[in-house]
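> Quick one: this structure, given as structure tokens, is what I'll be asking you about.
The values are calculated or read from the model by the stated rules, or taken from the named source; none is laboratory data. Please read these numbers as outputs of a predicted model, since none were measured by experiment. Positions of Cβ are backbone-derived with ideal geometry, glycine not excepted, and every protein chain shown enters the neighbour counts.
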């Protein structure tokens, strides 16, 4: 019976760790649709940020004499009913979509995250009460809820952001709570408890990081929905109240009114909405695959 | 600090009282359609520095017993429905959650069976190694880090400093179990519960890990409860053994006694169902026929009776209490002079135990075959 443990020198050399996120990213890079999605998103964000320099014309300068002019080399997407350059307006519209999308999803994440952590972490009565509220909110179709909020609070960018955030928050709360509940019985949680970790540390340090992957995917997909929701509200006439603001949904409505005279006007905003929404969808699906080890091929 | 704790705690109780004293522990799991009688009146002691084995087949309640000691039973189904778990005279079973939290990791720590799901996949090894320290002490990040490095050195992980930044999936199974051991022993607990610590490991790694547990706990004077179904591990590691069956302890005593003179039919069956290294070619393995009882039903009679070749009518109706084999009165429960005890109405004779089957059809016997239920 020896009393000394031989030092273990196995082939497992300490290598620079890329960690969970590093590994996920390297899987993501091999996912072609996700790369396409990322290209769309990068383009979208780039256009939104550099709009003042990128746009060939002032989006608000026009002239009634040039109303509904067909696309030409100078005006690639044609001119709208007030003779404004449609392409420039689409470029500026990216700013609104990006701003509303990012702000509303972030707010939704914060609110939904807190509710989800409280419900999934504390459980019991807190969980029951919070989840019933979430149930009620989920029972109302998202766009209807958003319309209701804009109708109630009035038109405006902040109201739109709030409306989209409110439709997203219960979805995030539900997803996070579900992940946390599944993790509550995970063996490493029992181990952490056996080491004396308290409830707060268990939930925030051990369970939450493991539950975040699902939430990140949901948030990416929610960005796509948010862009469509914003456009949808604009299309229904609930967009920004200032008619000078270039907003894709509002532009789409305007172009449908003149569909027979100038059918070319629906293309630019329509393509912009589709590309940005598809971009986030593709990236979201790619993230889901690369973050979820069970989907590993 | 641990030293001070230890001294304070030792002074607080009787000089010869054991470190841990489990008395009549009853654990039941209530599901919506049934109650599972997982542990039914288990009593055993563990003295300071002792290594005690808890042996039995899957589902016999050995893991549940220890989860109950740590108060880690899955909620809300699992509940301690009776008995006491005295650590230094303090009843862990009756403590508030905040009190037991202070005990966990500091006084009693646990090593789990499979090190892969036991480590958090998204946290670095450093984060997890310092878990115990941070839960019980105010400690600076630098000190915690140094302690983590020391712990990795202690459990024989080469190149500890860069490895602290690694994640569990970058370690092999044996390495992960070493990390688990380091986590459990970070505060030099007084009792370590090792729940099948080597079952998920490669045979070649098993011996190393067991040796590591033995060396480190000897160094710190930590008592160990070793849960296993591997009789070889028990023989090599423990001073005393408790054999569990269907939620009861059926035989208890010194490891040497249990292996030399198994006295309960179940232990006899266990020892005859594994090949001996010195058994020779003619050795016959005798399986234990039948299956463990349905623990959804409240136990009646001896739990082993339906599978037992020595059973009598009495066995089917009356559960035997655990008493000394030699019939002596007061039993010694811990230490080198521990009494060999069994719970059996009709124990096999030494000759029968050696043969592994009854040698003559006794008058009181119901049937000779073990598979009749």
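> Quick one: which residue in B:215, B:195 is within 25 Å of residue B:120 (Cβ to Cβ), surrounded by fewer than 24 Cβ atoms within 10 Å (Cβ to Cβ), within 11 Å of chain A (Cβ to nearest Cβ) and at pLDDT 90 or above?
Criteria check complete, one pass: B:195.
> Right, something else. Sort out which residues of region B:87-120 are touching a strand residue (DSSP E or B) at 6+ places or on another chain (Cβ under 6 Å) and touching a residue at least 12 places away in the same chain (Cβ under 8 Å), and write them in order of number.
B:87, B:92, B:93, B:108, B:109, B:110, B:111, B:112, B:113
> Still on this structure, please answer the following. Could you check, for region B:134-149, whether at least one of its residues is modelled with pLDDT under 90, in contact with a strand residue (DSSP E or B) (Cβ under 9 Å, 6 or more places away or on another chain), away from every other protein chain (no Cβ under 13 Å) and part of a loop (DSSP other than H, G, I, E, B)?
So far as region B:134-149 goes, no, none of its residues is modelled with pLDDT under 90, in contact with a strand residue (DSSP E or B) (Cβ under 9 Å, 6 or more places away or on another chain), away from every other protein chain (no Cβ under 13 Å) and part of a loop (DSSP other than H, G, I, E, B).
> Among the residues of region B:157-179 satisfying the criterion of being surrounded by fewer than 16 Cβ atoms within 10 Å (Cβ to Cβ) and at the interface with chain A (Cβ under 7 Å from one of its Cβ atoms), which is nearest to residue A:24 (Cα to Cα)?
Here the residue is B:165.
To keep it simple, each residue is scored yes or no on (1) within 14 Å of another protein chain (Cβ to nearest Cβ); (2) touching a helix residue (DSSP H, G or I) at 6+ places or on another chain (Cβ under 7 Å).
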{"site": "B:28", "(1), (2)": "no, no"}
{"site": "B:61", "(1), (2)": "no, no"}
{"site": "B:67", "(1), (2)": "yes, no"}
{"site": "B:110", "(1), (2)": "yes, yes"}
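Conditions (1) in a helix (DSSP H, G or I); (2) surrounded by 15 or more Cβ atoms within 10 Å (Cβ to Cβ), marked per residue:
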| position | (1), (2) |
| --- | --- |
| A:117 | yes, yes |
| A:127 | yes, yes |
| A:137 | yes, yes |
| A:146 | yes, yes |
| A:151 | yes, no |
| A:155 | no, yes |
| A:168 | yes, yes |
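> Moving to a separate point now. Which condition does residue B:272 not pass, out of (1) in contact with a strand residue (DSSP E or B) (Cβ under 9 Å, 6 or more places away or on another chain); (2) surrounded by 12 or more Cβ atoms within 10 Å (Cβ to Cβ); (3) in contact (Cβ under 8 Å) with a residue 24 or more places away in the chain, if it passes all the others?
That leaves (1) as the condition not met.
> Which of the helices (runs of 4 or more DSSP H) contained wholly in region A:181-280 include at least 1 residues that are within 26 Å of residue A:159 (Cα to Cα) and more than 14 Å from chain B (Cβ to nearest Cβ)?
A:208-235, A:248-257
> Those residues that are within 7 Å of chain A (Cβ to nearest Cβ) and crowded, with 24+ Cβ neighbours inside 10 Å, I need them from region B:120-130; list them, please.
If the condition is that a residue be within 7 Å of chain A (Cβ to nearest Cβ) and crowded, with 24+ Cβ neighbours inside 10 Å, then B:120 is the only one that fits.
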